[in-house]
Amino acid sequence: MHLDKMNYHETFDNKIHKYIFSGRCNCGGQKEITVLGPDLFRFRQGTLIQDAFPYLNADEREFLITGICNTCWEASFGEDDND
């Protein structure tokens, strides 16, 4: 899982525990994604990513799992027909 290879730092804003993950995509672009601490715990315990992080969009969740950003996805597989 790409999440395990990313750099991160923790913050405590207004008593809210957050993790800010940053890493490079396969195309070289830099991404930064923030998740809440309790949600990260739930994900690590087996909660599906879309249920653990409902505030992240599909592109952000894909990046955490595979390291592939939307630009790389479109270059590899073409545009989404649902747009």
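Working from the pairwise distances between different alpha carbons, so that the mean of 1/r is found and then inverted, what is the chain's Kirkwood radius in Å?
With all distinct Cα pairs of the chain included, I get 13.5 Å.
Defining a contact as two alpha carbons under 8 Å apart and six or more residues distant in sequence, what relative contact order in percent does the chain show?
26
Taking 0.36 nm per intervening residue step and subtracting the Cα-Cα distance, what contour gain separates Ser76 from Asn57 on full extension?
This chain segment gains 4.9 nm when fully extended.
Probe of 1.4 angstrom, ligands and nucleic acids ignored: what's the accessible area per residue over the chain, in square angstrom?
Heavy-atom accessible area per residue stands at 68 Å².
Of the accessible area of the chain, with the probe set at 1.4 angstrom, what percent is carbon plus sulfur?
47
Between Arg24 and Tyr8, what is the spin-label point distance in nm, taking each point 7 Å from the Cα along the Cα→C-beta axis?
2.1
The values are calculated or read from the model by the stated rules, or taken from the named source; none is laboratory data. Predicted model only: the values in this text are computed from it and were never measured. Glycine gets a Cβ as well: all are built from the backbone with ideal geometry, and neighbour counts include every protein chain shown. Calculation scope for accessible area: heavy atoms of the full protein, side chains included, ligands and nucleic acids excluded. Shrake-Rupley method; radii C 1.70, N 1.55, O 1.52, S 1.80 Å.
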